[in-house]
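Right, one structure below, let's go through it.
The values are calculated or read from the model by the stated rules, or taken from the named source; none is laboratory data. Quick caveat, the model's predicted, so the values are computed rather than measured. Cβ atoms come from the backbone with ideal geometry, glycine included; neighbour counts cover every protein chain shown.
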Amino acid sequence: MNEPSTDNEAEDESDADSERVPTPRPNIFAWCPNADRMDVFLAAVSALTGNSKHFEVTDIDNEQDGAAKLSVNLADARPLLRRKYAKYNGAGAYFNFEAPSGRALELGVSVQADGREPSQFSPIGIVHWYWGFLFPSEVALPRNSGAHPMEVAAALAWRIAWVDIHELLVRLGTSSVAIPFAGCAWTRELGPPLRMGATYHADGNPVRDLVMSWANLLDFEAPEGSINLSIDAMRARVEASPPGSSVCAIDAERLTREQVLAALALPPKQLVDALSAAANKPDTQWNAIEAEFLQVLGEIKGASTDELETSPVTEEHNRFIKDHTPTSVEHLENGAVVLFAHPYRTLWPLWADALRLLGIRA
């Protein structure tokens, strides 16, 4: 089905909630050069929350088994975070985030230096505080407006996660010009972008999705090793692989050396245009419910709490999200390109379709 597998750390569910499916928590990552990391981290924190927000941080001047916590604004958090980073090669803080969907999310943001062990998160990462919290476990539907198809409720669940994660990814990616790449993944480390649900490319050239994935899956090279390479250096990296070699993109589908080299030979605009065309590929089941979904969405925006009733999100909803919800290719004002599927999905089907449209993949 071309989506990531469920993390086996998900908590057991009671019989009463047996239809509710535990979901892995998506993490949102950004990479920047090690020398800039702390400054970029603080810029990201400011972009995510604003200077007036309060953070929960560790008071390293009065640590007692790591339990000393302070609630401070960003101005007071900056020196504490810098001292913690200098001492541990990593730092983190927790904060409340008013999400575009209307939800209040409790999030954590962390930074770590290159070479820190164990490597639990990417250099700069956002992780939600509660398991599965970025995914809604239920959706609100208008009362007394007739029965709605399951697909409409699934579309509402898709939109809630989409708008919130998209906002976090874009805020993180655009927080500093020193960030060339960001993404949203199910894993706790920066992995192959083809298995991510979204990626951000500051220079507008998404081909590094292929090169980073190639290096990681073929030689187990850390994906960030290819982030800052020039096109010529990326091409040399792939050309050094044995002719005819391939990697498993996901499931049984493979990406070949020659396909990556063919994509590298294209102008970025041609590659982005093909990805956009692939994202706009019609889906019959989505088209069948889109109008009703938009109507219900409008009714919800103008409704009071008493006029809404909740409906649980089940595996049936999740399957529809994985198979039929839209993907997007977005151009930002800073020149960046964002590829967005959904953390229930991966970018591989979008890339596979684009490579077919370009005649690179059969």
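Arg319 meets each of the listed conditions (1) over 30 Å from Trp31 (Cβ atoms); (2) among the basic types (Lys, Arg); (3) at pLDDT 95 or above apart from (3). Within the range 207-222, the only residue that satisfies the criterion of being among the small types (Gly, Ala, Ser), in contact (Cβ under 8 Å) with a residue 24 or more places away in the chain and in a helix (DSSP H, G or I) is Ser213. Could you say whether any residue in the range 260-269 is in a helix (DSSP H, G or I) and touching a Pro at 6+ places or on another chain (Cβ under 7 Å)? No, every residue in the range 260-269 fails to be in a helix (DSSP H, G or I) and touching a Pro at 6+ places or on another chain (Cβ under 7 Å). The residues listed here are Ile300, Ile289, Ile250; of these, the one that is over 30 Å from Gly115 (Cα atoms), among the aliphatic types (A, V, I, L, M) and buried (at least 19 other Cβ atoms within 10 Å of the Cβ) is Ile289. No other residue among Pro33, Pro26, Pro4 is modelled with pLDDT under 70 and either among the small types (Gly, Ala, Ser) or within 26 Å of the chain's Cα centre (by Cα) (or both) apart from Pro4.
The residues of the range 152-185 that are touching a helix residue (DSSP H, G or I) at 6+ places or on another chain (Cβ under 8 Å) and outside any helix (DSSP H, G or I), listed by number, are Thr174, Ser175, Ser176, Ala178, Ile179, Phe181, Ala182, Gly183, Cys184, Ala185. When Leu190 is tested against the conditions (1) closer than 25 Å to Arg235 by Cα; (2) modelled with pLDDT of 95 or more; (3) under 18 Å from the mean Cα position of the chain (by Cα); (4) in a loop (DSSP other than H, G, I, E, B), the lone failure is (2). Within the range 63-71, can one find any residue that is modelled with pLDDT of 75 or more and buried (at least 18 other Cβ atoms within 10 Å of the Cβ)? No, because not a single residue in the range 63-71 is modelled with pLDDT of 75 or more and buried (at least 18 other Cβ atoms within 10 Å of the Cβ). Considering Gly225, Gly204, the condition of being in contact with a helix residue (DSSP H, G or I) (Cβ under 8 Å, 6 or more places away or on another chain) and assigned to a helix (DSSP H, G or I) is satisfied by Gly225 alone.
Checking each residue in the range 193-237 for being in contact with a Phe, Trp or Tyr (Cβ under 6 Å, 6 or more places away or on another chain) and of a type in the set (A, V, I, L, M) picks out Leu194, Ala198, Ile227. Which members of the range 72-100 meet the condition of being among the polar types (S, T, N, Q) and either loosely packed, with under 15 Cβ neighbours inside 10 Å or assigned to a strand (DSSP E or B) (or both)? Correct list: Asn73, Asn96. Considering (1) surrounded by fewer than 19 Cβ atoms within 10 Å (Cβ to Cβ); (2) hydroxyl-bearing (Ser, Thr, Tyr); (3) modelled with pLDDT of 80 or more; (4) within 23 Å of Ile179 (Cα to Cα), the lone condition that Ser119 does not fulfil carries the number (3). Taken as a whole, the range 311-332 holds no residue that is out of contact with any strand residue (DSSP E or B) (no Cβ under 9 Å at 6 or more places or on another chain) and on the phi > 0 side of the Ramachandran plot. So for the range 132-151 (the condition being among the hydrophobic types (A, V, I, L, M, F, W, C), in a strand (DSSP E or B), modelled with pLDDT under 85 and within 19 Å of the chain's Cα centre (by Cα)), does at least one residue qualify? Checked the range 132-151: no residue is among the hydrophobic types (A, V, I, L, M, F, W, C), in a strand (DSSP E or B), modelled with pLDDT under 85 and within 19 Å of the chain's Cα centre (by Cα).
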